[in-house]
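One structure is given here, and the rest of the page talks about it.
The values are calculated or read from the model by the stated rules, or taken from the named source; none is laboratory data. In this text, all values refer to a predicted model and were calculated from it rather than measured experimentally. All Cβ positions, even for glycine, are placed from backbone atoms using ideal geometry, and neighbour counts span all protein chains on display. For accessibility, only protein heavy atoms count, side chains too; no ligands or nucleic acids. Shrake-Rupley method; radii C 1.70, N 1.55, O 1.52, S 1.80 Å.
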Amino acid sequence: MIKKVLFSAVLAVACNFGFANTNAELFQVDEQEINAEFAQLNELEQFVNANEGVTLSEMGTDNPLTANVVNSGDVLGTLSTMGEPPLGIPSFLWGFCFNVAGVALVYFVADDRDETKKAFIGCAVSGGLYLLWWVFWVLVAGNAFLFF
Amino acid sequence: MKLSRILSGAGSLLIFLMMLPNLSIGQHRFRMKADFSIKEKNQNGQMSLTLGTVYYDRTHKKLVYQVRFPEKETWVITDTIFHKIVNGKLVGKQFIPMLPSSTIFDYALSNNLGNFGLEKSFYKAGEVKKDADQVITTWIPDERLKKAMGNVVISRKNNQLYGIAFYSPKNELLKKQLFKGMLKSGGIAFPEEITEIIYPVSATGTQSGKSTKISTFKNLKVNENGENEIYNFPVPAK
């Protein structure tokens, strides 16, 4: 009996530790480490703000402030903080992949006529492709099969 | 006579109180602009800095970035198309899986930032927990999307968005964002600083290293008159 109680207590404590790791602690970061990592970029930002109009190409590669600084051109990466791509799945794809259910979801959730129209076009394209596939396999391939 | 006056006054007060929510909803916030700074450091040690001003107009459904560093250029996002304009000429155009209406700018203007717009998405609120001073909600994707999308965990502190974490369908932490400080203008609150930590997944499916990004905003202006030519930036044909 005592063993069972002890086992339950240990299990409960272990579960609590598990929750702590995936909850409030999830949103903790080492600010000192981040500040140290971004010291050069902070300095570069101050320099750019103090010298209005200056660009990276004008600063040159020999400037210590621009060491390891690149113009990546990865716009999607740069802007990822502003919006989450999975939530911004184009309405066309909702209609294309989920057909009528996708159109209904866009209609009720987005509440936007243009977006619903795009979902409907996606649904129509998907339906058209399915019809072509059916015509090919059932009417063309199926009839060809009869000749054998 | 006195009773009828009291009843009439009480009736007027009741009608006024009933109209209050409508009056507040009636404050239509349709555009905003802010100066931004995006600092990134990836797992290979490469860094980048992007500075400029962002404009968003809900009517035109356009997100316009007037970038002044690293180079002077204009980025326009309409629907899911990204346009890069340099010296008035369109120099690049690409698909971007981002709708202007699914960005923090739209969420802030429509007062949906508290739950990162998830209330009006294909996610449903699941478990809600209180841990220390945070209220943590796990948002679960629609059943049909569970193979493609993972859970999203949102933390709120003092009734404001504090953090958000995105998971893969295999429950791997893909990235988390922390929101610090709130700019207030025109009746909306907008994060002053967003720290994002990304845990990249390699082609083999393993996670290693991390990239960190800090986005800061200042000089927030809501429903500002003028600058229509920027809010509704015309994308040149070529």
Partner shielding of A:65-73, taken as the mean number of other chain Cβ atoms within 10 Å, equals 5
Please go through the residue pairs A:Lys118/B:Lys238; A:Lys118/B:Lys129; B:Lys147/B:Lys210 and name each one whose alpha carbons sit more than 28 Å apart in this structure.
-> A:Lys118/B:Lys129
What's the local net charge at B:Leu63, with K and R +1, D and E -1, over the other residues with C-beta under 10 Å away?
-> 0
Unsatisfied cross-links (Cα-Cα over 21 Å) in the set B:Lys93/B:Lys213; B:Lys33/B:Lys61; B:Lys61/B:Lys93; B:Lys41/B:Lys61; B:Lys130/B:Lys184; B:Lys33/B:Lys93 | B:Lys93/B:Lys213; B:Lys41/B:Lys61; B:Lys130/B:Lys184; B:Lys33/B:Lys93
With +1 on each Lys and Arg Cβ and -1 on each Asp and Glu Cβ, how big is the dipole of the range B:29-231 about its Cα centre, in debye rounded to the nearest 20?
-> 120
Cα Rg, Dmax, chain B, angstrom units = 21.7, 84
Ordered by residue, what ³J(HN,Hα) values in Hz, to whole numbers, does the range B:127-144 give under the Karplus form 6.51 cos²θ - 1.76 cosθ + 1.60, where θ = phi - 60° and Gly and Pro are x?
-> 5, 10, 10, 10, 9, 6, 9, 10, 10, 10, 10, 9, 9, 10, x, 3, 3, 6
Amide H to amide H under 5 Å from B:Tyr162: which residues, 5+ apart in sequence or cross-chain, H placed 1.01 Å off N in plane?
-> B:Ser155, B:Arg156, B:Lys157
Aspartates and glutamates whose Cα lies under 16 Å from that of A:Lys117, excluding same-chain neighbours fewer than 8 positions away | B:Asp79
Would you please give the FRET efficiency between B:Lys72 and B:Lys130, computed as 1/(1 + (r/R0)^6) with r the Cβ-Cβ distance and R0 = 41 Å, to the nearest 0.05?
-> 0.30
Restricting to aspartates and glutamates and to Cα separations under 16 Å from B:Lys170, and discarding same-chain partners fewer than 8 apart, the set is B:Asp142, B:Glu143
Within 10 Å of each Cβ in peptide B:178-190, how many partner chain Cβ atoms are there on average? Round it to a whole number, please.
-> 1
How far is helix B:2-25 tilted off the main Cα axis of chain B, in degrees rounded to 10, range 0 to 90?
-> 10
Within 10 Å of each Cβ in peptide A:28-37, how many partner chain Cβ atoms are there on average? Round it to a whole number, please.
-> 3
Could you sort B:Arg144, B:Arg31, B:Arg156 by accessible area so the largest value comes first, with the probe set to 1.4 Å?
-> B:Arg144, B:Arg156, B:Arg31
